[in-house]
Amino acid sequence: MMRLRTALLATVMILSCLSCSGPVVTAVGESNDLIVMHDGRATDRAAAAAVALMESEVSWLLGEPAFSTTLTTPSEARDLANRRQILLIGTWTGGEVERVVRRRMPGLEPGGPPRLHVDRDVWAKGQFVGTIMARDEAELLAFLGRGGRDLVVAYENAAVERAVDKLRSDGRREGVEAALADRFGWSIAPPTGYEFFTTHADRGFVFFRRTRPDRNIFISWFDAEGVQLTGDFVVAKREELTGQYYDGDVIERRRPFEIESVEFAGHEALRVSGWWGNRELVGGGPFRTYCFHEPSRRRIYMVDASLFAPALDKTSLMRNLDAFARTFAVHAPRP
């Protein structure tokens, strides 16, 4: 009897914490950590489907998962409620997740069609909490089956955007962005620990580097006249620059790589994600390149992030590098 009372008390305390009035701590965890909370046996299949989606392989990272998940229930969550990314999966049938949702997510109407409902800073500051509720598990499974990729992208974007906001805040406070804007007409907000190399600034090429593991961001800019911005051009230009400034790095075309149209620095851009290699130095790793035309300065800008981290998980490291790259901004020419 005593053990049962203790267990019930623990459940009540955890659910009470999950329904408290507001965040008092800062969210913790890596950018690829994800806590999935569900109703236990009643939603086992839906929870497993959500985990499979969020752990789907990123092809250009050579099969690493998009997220590393921890599956739990609200009563078993203990100290997990302060994590940066949480996904709640539940049904409107009186389970633990519904009780949490009714207290903390008033924007979700009971009985409505399933959708990804997003709240921020629910139990910790800097937190992204998504909730998917349905009438039953079958409806949950149907939703996850047709909207799975959108769910992964929403969490990927949230993880990067949170890091971008923090880096920009730090960059403004430390004056880094303003100093770069004055000198180059563009700015970027480097995390702590990066060295800045301007050896080739007169030729429109500078880079930031941090070691252990090796992380690099380069920025290149050049005249846009006569340039047709295509995927082939971006790939060729990157290889020209890395061959010249990165000791002969090349794109490993035998490995998967992607070319996409995306929004970057307020412009339509081409993004190339793939794997670089260096046959002379016997190294390689993932990279991500953004390239766009900036009409006010009549320039093409290329911002490239690359990583060399053998034997380490690369998803979180590349996501943080991507956030660094996405703090880039071009400033209007002075009158």
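If the only charges are +1 at each Lys and Arg Cβ and -1 at each Asp and Glu Cβ, what is the size of the charge dipole of the chain around the Cα centre, to the nearest 20 debye?
Dipole size: approximately 760 debye.
Tell me the label-point distance for the pair HIS200, PHE233, using the 7 Å Cα-to-Cβ offset, in nm and rounded to one decimal.
Here the answer is 2.0 nm between the modelled labels.
Starting from the Cα coordinates of the chain, work out the convex hull volume and express it per residue in Å³.
It comes to 169 Å³ per residue, whole-number rounded.
If you average the sequence gap of Cα pairs under 8 Å that are 6 or more apart and divide by the length of region 148-268, what percent do you get for the contact order?
Here the relative contact order equals 10 percent.
Mind computing the radius of gyration and Dmax over the alpha-carbon atoms of region 208-335? Å is fine for both.
Values for region 208-335 (Cα only, Rg and Dmax): 14.6, 50 Å.
If you wrap a convex hull around the Cα atoms of region 62-191, how much volume per residue is inside, in Å³?
160 Å³
By how many nm would the segment from GLU268 to ARG45 lengthen if fully extended, with 0.36 nm per residue of separation less the alpha-carbon distance?
Extra length from GLU268 to ARG45 when fully extended: 76.3 nm.
About the Cα centre of region 141-264, how large is the charge dipole given +1 on each Lys and Arg Cβ and -1 on each Asp and Glu Cβ? Please answer in debye to the nearest 20.
Charge dipole of region 141-264: 480 debye, to the nearest 20.
Between region 228-259 and region 19-83, how far is it from one alpha carbon centroid to the other, in angstrom?
Using only Cα atoms to place each centre, the spacing works out to 35 Å.
How high is the relative contact order of the chain, in percent, with contacts defined as C-alpha pairs under 8 Å that are six or more residues apart?
16 percent
Could you give me the ³J(HN,Hα) list for region 135-144, computed from phi with Karplus coefficients 6.51, -1.76, 1.60 and θ = phi - 60°, whole Hz, x at Gly and Pro?
6, 7, 5, 4, 5, 4, 4, 5, 5, 5
Might you work out the accessible area of ILE251 for me, using a 1.4 Å probe with all protein chains in place, and round it to the nearest 10 Å²?
10 Å²
Show LYS125, LYS314 ordered by accessible area, largest first, where the area counts protein heavy atoms only and the probe is 1.4 Å.
Correct descending sequence by accessible area is LYS125, LYS314.
Gain in length, LYS166 to ASP313, computed as 0.36 nm per residue apart minus the alpha-carbon separation, to one decimal in nm?
Full extension from LYS166 to ASP313 adds 50.6 nm.
Would you kindly find the accessible area of ARG135, with a 1.4 Å probe and non-protein molecules such as ligands, DNA and RNA excluded, rounding to the nearest 10 Å²?
150 Å²
Please arrange LEU180, LEU116 by accessible surface area, largest first, computed with a 1.4 Å probe and ligands excluded.
Output order, biggest surface exposure first: LEU116, LEU180.
How much accessible surface area, in Å² rounded to 10, belongs to the heavy atoms of PHE222 with a 1.4 Å probe?
Counting only protein heavy atoms, PHE222 exposes about 40 Å² to solvent.
Can you give me the accessible area per residue for the chain, using a 1.4 Å probe, in Å²?
49 Å²
What net charge do the residues around TRP186 carry, taking every other residue with its C-beta under 11 Å from that of TRP186, with Lys and Arg at +1 and Asp and Glu at -1?
Overall, the nearby charge balance is 0.
With the chain treated as a Gaussian network of Cα nodes joined by springs under 10 Å, which of ARG212, ARG104, ARG298 yields the largest mean-square fluctuation?
ARG212
Can you compute the equivalent ellipsoid semi-axes for region 153-278, i.e. the square root of 5 times each eigenvalue of the Cα gyration tensor, sorted largest first and rounded to whole Å?
Semi-axis lengths for region 153-278 are 24, 19, 17 Å.
Any idea which of GLY277, SER220, THR315 is furthest toward the positive side of the dipole for region 202-335, if Lys and Arg beta-carbons carry +1 and Asp and Glu beta-carbons -1?
The one lying farthest along the dipole's positive direction is THR315.
Contour minus end-to-end for ARG146 and ALA329, with contour as 0.36 nm per residue of separation and end-to-end as the Cα-Cα distance?
62.3 nm
The values are calculated or read from the model by the stated rules, or taken from the named source; none is laboratory data. Keep in mind that this is a model prediction, so the values were computed, not measured. Methodologically, a virtual Cβ is constructed for each residue, glycine included, from the backbone with ideal geometry; neighbour enumeration extends over all protein chains shown. Calculation scope for accessible area: heavy atoms of the full protein, side chains included, ligands and nucleic acids excluded. Shrake-Rupley method; radii C 1.70, N 1.55, O 1.52, S 1.80 Å.
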